[in-house]
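Enquirer: Please find one structure pasted underneath; my questions will follow.
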Amino acid sequence: MHISEGVLSPAILIGGAVVTMAGVAIGLKGVDNKDIPKMGILSAAFFVASLVHVPVGPASVHMILNGLLGFILGWKAFPAILVALGLQALLFQFGGITTLGVNTMNMALPAVICYYLFGWSTKSSIKQSVFITAAFASGFCAVLVSSILVGFCLYLTGEAFSPAAKLIVAAHLPVMIIEGIVTAACAVFLKKIRPELLEEINV
Amino acid sequence: MFKKNQNLCKVIPFLYLFLLILPITFHTTAAFAHKVTIFAWVEGDTIYTQSKFSKGRKAKGSLVTLFDMEGNKLLEGTTNEKGECSFKIPQKTGLKVVLKASMGHMAEWKIPVEEIAATQASQTKTPEAGVISDIISPSNLSGSEADAKQPISGPASLQKEEIRRLIDESLDQKLSPIINMLADSQDQDPGISEVMGGIGYIFGLVGVALYFTNRRKTQEVRGQRSEVEK
């Protein structure tokens, strides 16, 4: 889902970069010592996840994990995803430096949306089954919203919206399900071992 | 607090291990693909292109566009089942092939003007060589010395042309597997060194960030202390 260089028009690239800068600024505000290792580990997980591919149709899709990042980090997912995408662009040639802003926006904005939709479930008073469902939904919806955002970016550059978006959403359907399961598994694991990791976030 | 830290110490090696194993296990199993690449070469008067996603999945039915160096669109084509697409060379300038696969994937390959000029030069000369090579058939050569003298300056160069054409042909044939190999090597999947490097970078950044936040805190504490001492 990385958009390559030269596909999008400059206006969209600049727009994406502005949104990303704002998101990173919000994310970095009030970052605490305790948050930094958490952001680092999740950033590394996001960085590696893009190598796990699911072959679908004419193109290929890969794991994203932005739902997990949003679920645990909230707005702090923005800097974490920016770092991981920057390194992917430099080391793997996925995406590109000029599209870094747009790509970060496409990945991190859904993460933040999912944080607001499902982040409440991390409180210890919430039942385990509700918590697992919310974590699954977070992983699922983050990829869904990302797909729609990518389709929208391509639409703004001149591709017809509904076929492009439909193709991307359809291709990512298996990824959404896998992401949901992985996010739920990670969230349950973390809740068991380090419940305070999930609860300490207040942005 | 101490107990919690102990727990964390137990978890962190597992997380590292998970991050390590993740790329290795998946690297070998699935035939996955990611970015898209295009590779183009010139053979005779035709440009051949080969497009694929990394790890060899062919980019079928994708749009390939031929541009000149100034970015003017010259020709357009669609890749076939094997991800291949070919064009007749429209003009003798540097050319650029751009592949647009689905979902915002894009790649390009530049063909320098020398590569086209080299093959075009031998192309334009060959028909001439063909015509005259008929004249230099043995029957003509067996004429009188005076007759033979005129074409003789021709035959040496003409035979050269003929030989060059033959060599070109057989070279194209012999080189095609190598060209295919080159096309294959164009898409290098990120290896373990890139993955480790990236994770190293991230942990390094974590270290730098922690250093700065810690320094800020210790400076605050020092400031408070010096105030107290005063």
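The values are calculated or read from the model by the stated rules, or taken from the named source; none is laboratory data. These figures come from a predicted structure and were not determined experimentally. Please note: Cβ atoms are built from the backbone with ideal geometry, for glycine as well, and neighbour counts cover all protein chains shown. Protein only, heavy atoms only, side chains kept; ligands, DNA and RNA dropped before computing areas. Shrake-Rupley method; radii C 1.70, N 1.55, O 1.52, S 1.80 Å.
Enquirer: Could you please find all residues in region A:94-111 being within 14 Å of another protein chain (Cβ to nearest Cβ) and under 13 Å from the mean Cα position of the chain (by Cα)?
Expert: A:Val102, A:Asn103, A:Met105, A:Asn106, A:Met107
Enquirer: Which of the following residues is away from chain B (no Cβ under 12 Å) and closer than 27 Å to A:Val7 by Cβ: A:Phe140, A:Phe131, A:Phe136?
Expert: Result of the check over A:Phe140, A:Phe131, A:Phe136: A:Phe140.
Enquirer: Does region B:96-106 contain at least one residue that is at pLDDT 80 or above, open to solvent by less than 20 Å² (accessible area, probe 1.4 Å) and more than 18 Å from A:Phe94 (Cβ to Cβ)? I'd like the intermediate steps shown before the answer.
Expert: Of the residues in region B:96-106, the ones at pLDDT 80 or above are B:96-99.
The next check asks that each one be open to solvent by less than 20 Å² (accessible area, probe 1.4 Å); those that pass are B:97-99.
When the remaining residues are screened for being more than 18 Å from A:Phe94 (Cβ to Cβ), the result is B:97-98.
Yes: region B:96-106 contains one or more residues that are at pLDDT 80 or above, open to solvent by less than 20 Å² (accessible area, probe 1.4 Å) and more than 18 Å from A:Phe94 (Cβ to Cβ).
Enquirer: Filter region A:6-32 for residues that are within 11 Å of chain B (Cβ to nearest Cβ) and closer than 30 Å to B:Ile192 by Cα; which is farthest from the chain's Cα centre (by Cα)?
Expert: Taking the candidates together, the pick is A:Gly6.
Enquirer: Related question: Within region B:185-207, is there a residue that is under 25 Å from B:Lys52 (Cα atoms), more than 14 Å from chain A (Cβ to nearest Cβ) and assigned to a helix (DSSP H, G or I)?
Expert: Yes: region B:185-207 contains one or more residues that are under 25 Å from B:Lys52 (Cα atoms), more than 14 Å from chain A (Cβ to nearest Cβ) and assigned to a helix (DSSP H, G or I).
Enquirer: Related question: Tally time: how many residues in region A:123-156 are open to solvent by less than 50 Å² (accessible area, probe 1.4 Å) and part of a loop (DSSP other than H, G, I, E, B)?
Expert: The total comes to 1.
Enquirer: Restricted to region B:28-47, and to residues that are open to solvent by 20 Å² or more (accessible area, probe 1.4 Å) and out of contact with any helix residue (DSSP H, G or I) (no Cβ under 8 Å at 6 or more places or on another chain), which residue is modelled with the highest pLDDT?
Expert: Among residues in region B:28-47 that are open to solvent by 20 Å² or more (accessible area, probe 1.4 Å) and out of contact with any helix residue (DSSP H, G or I) (no Cβ under 8 Å at 6 or more places or on another chain), the one modelled with the highest pLDDT is B:Thr28.
Enquirer: Can you work out which of the residues in region A:1-23 that are under 17 Å from A:Ala111 (Cα atoms) and of a type outside the set (Gly, Ala, Ser) is modelled with the lowest pLDDT?
Expert: The extreme case among them is A:Met1.
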